[in-house]
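Below: the structure, in structure tokens.
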Amino acid sequence: MKLWVTCLAFACVATLASAELFSSMAHLETALYAERDIAVAIQDYIHEEEKRLDKLKKIASDFADHSEAALAGDKNLLANPINAYLYMKRFTLDWDKEVAPNFQSDPESAVHKKIEELKGYLPNYDDLRGAVTALLRLQDTYQLDTNQLAQGRIRSMMAKQMSASDCFEIGKMTYNNDDYYHTTLWMEKAMNLVALEKNRTVQRMDILDYLAFSLYKQGNVERALVLTNELLALLPHHTRAQNNRKYYEKLLEEQRRKQYRRGEDGGEEDNTEEPNKYTERPLDEYRKSDEFQTYESLCRGEDTHDYKLKHKLKCRYVHNNNPRLLLKPAKEEEVYLNPWIVIYHDVVSDKEIDTIKRIATPLLSRATVHNPRTGKLETAEYRVSKSAWLKDGDDPVIHNVNNRISDITGLSMATAEELQIANYGLGGQYEPHFDFARREETEAFRDLGSGNRIATWLTYMTNVDAGGATVFTHIGVKLFPIKGAAAFWYNLYRSGDGIFDTRHAACPVLVGQKWVSNKWIHERGQEFRRPCSVNMDE
């Protein structure tokens, strides 16, 4: 009855909105009902605003606690790929779902403008996709178990545990790339986790939808049908699932008929059918090659070659009769004899490293590779890092480092490339490559006018918690980063021909930060320091 009176009062107000209420006391009293209901509406609004503000307070507190703990720690929280993925998801998918709806401020307000300005520094959806790609690369390269990753465990290092939603989003992204192998791995884990969650972060029906079709694409039609039936039990009118069920049932019936006919004919089961391409990790032709398999094995620290001359390797102090090295000779460790690969320990100090990183950081941009056909520099998916080039005159430290490289190697830096500083990102890598230009790559380094790259000097400016090794795929050498040490090798024989056994790669960084500096030394200017020879063995 009260509700009816209220509705009647509103009807009267609406009808008499333009009438002269002052002329009738009876009509004027109806305004009291409107006043009362306005108060109720305002109270409801205040209640909703308080709920929204409470949510914003929680979000602000969560952001503050997370950033404070991360910045106060000795270790970089985001150096763990799981933490990095969750962080990127936090400011993309989670932001759009959980944070953005709580902001109802005026777009012209100071807080709105401030947040929009700061969002320019935060991860975007491209970063999220890159993080997922990197996480899967690490999972495959280092053969990491999906269950352990979801638990936040990488070897002995721990990160934040993933929710069902976190696993679901990885599976969803791989599904959109037709990568049903990884979709199945991560959707299965999402399915397990969602069953344990009190406050579900994703709906089971959504997981079933993706997982069932992925299993079908992998050839597991029977389980695809089971999950599709489960999905239809939850959503009976799901059109796509209804059509899929009919199709799966038809496929299974055809399989049963084939088996029955083979049984009647007394024939043996035919196992010559081509295996389904989705049952294994998706690899292109190169990644199926022996070289790539060797590369990944070396990255995991496995021994791939039996080096019979290991007993001849030596460690020594060298000074090359150079006055600057007489009092402090270089600590040289032989790693391989032919090609000659050595490590020089303690060649750059922590203070010098800090200076180089400080100068390079604002100059970092996506690392590029030479296109062998055009000679131009371009980005590539097989090289994931950012780099900067520092001139000899940028700082006395750069000048001193260049001089030290010249002193130790005995080579001239006059025609060498500028010091390249590289910082590897999430899962950062550089797949197998040569540093020198092969004969058919006629355009490479032409603009430099200093000939081919005769030698490489690679300085490690950080230790790496896990992964990030430099590996030589043809000879089975693996060098794990040691802060302050540098690797050195010749890329060319004295004849000028390339040493193909120097083909090498930078393994994906599993956990930690990897900073290196490269000095590529060219042929011109070395005529009297490393004379030419027609003898390939020299």
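The values are calculated or read from the model by the stated rules, or taken from the named source; none is laboratory data. Remember, predicted model here, so these are calculated numbers, not experimental data. Ideal geometry is used to build each Cβ from the backbone, glycine not excepted, and the neighbour counts take in all protein chains shown. SASA here: full protein model, heavy atoms, side chains in, ligands and nucleic acids out. Shrake-Rupley method; radii C 1.70, N 1.55, O 1.52, S 1.80 Å.
Below is a table of values for the structure above.
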| read-out | value |
| --- | --- |
| Interatomic Cα distance distribution for segment 17-96, bins of 5 angstrom, percent | 3, 11, 11, 13, 9, 8, 6, 6, 6, 6, 5, 5, 4, 3, 2, 0 |
| On Cα atoms only, tilt of 81-90 relative to the major axis of the chain in degrees | 30 |
| Prolate/oblate/rounded call for segment 437-526, Cα gyration tensor, a/c under 1.5 rounded | prolate |
| Cut-off under 5 Å, modelled amide H: who pairs with D179 long-range | none |
| Pairwise Cα inverse-distance average, inverted: Kirkwood Rh of segment 57-121 (Å) | 13.3 |
| Cα gyration tensor shape for the chain, rounded if a/c is under 1.5, else prolate or oblate | oblate |
| Principal-axis tilt of helix 221-234 within the chain, Cα atoms, nearest 10 degrees | 30 |
| Loop chymotrypsin sites (Phe, Trp or Tyr not before Pro), segment 455-538, which have at most 11 other Cβ atoms in a 10 Å radius of their Cβ (DSSP) | F528 |
| For segment 106-211: rounded, prolate or oblate by the Cα gyration tensor [a/c cutoff 1.5] | prolate |
| Per-residue SASA entry for E20, accessible area with 1.4 Å probe, Å² rounded to 10 | 120 |
| Using alpha-carbon coordinates, inclination of helix 204-217 to the longest axis of the chain, degrees | 50 |
| Accessible surface of segment 127-200 [probe 1.4 Å, protein heavy atoms]: carbon and sulfur percent | 42 |
| Estimated inter-spin distance, D37 and E334, nm [label 7 Å along Cα→Cβ] | 9.6 |
| Accessible surface of segment 431-490, 1.4 Å probe, proportion on carbon and sulfur as whole % | 45 |
| Where segment 94-212 is the region considered: accessible area per residue in Å², 1.4 Å probe | 52 |
| R245 accessible area, 1.4 Å probe, all protein chains in place, Å² to nearest 10 | 80 |
| Net +/- balance of residues flanking K519 in space, Cβ distance below 13 Å, scoring K and R +1, D and E -1 | -2 |
| Accessible surface, 1.4 Å probe, highest first, among residues H399, H504 | H399, H504 |
| Accessible area in square angstrom per residue, segment 399-460, 1.4 angstrom probe | 35 |
| Probe 1.4 Å - accessible area at S533, Å² to nearest ten | 20 |
| Segment L235-K114, extension gain: residue separation times 0.36 nm, minus the distance between their alpha carbons | 39.2 nm |
| Accessible area in square angstrom per residue, segment 478-538, 1.4 angstrom probe | 40 |
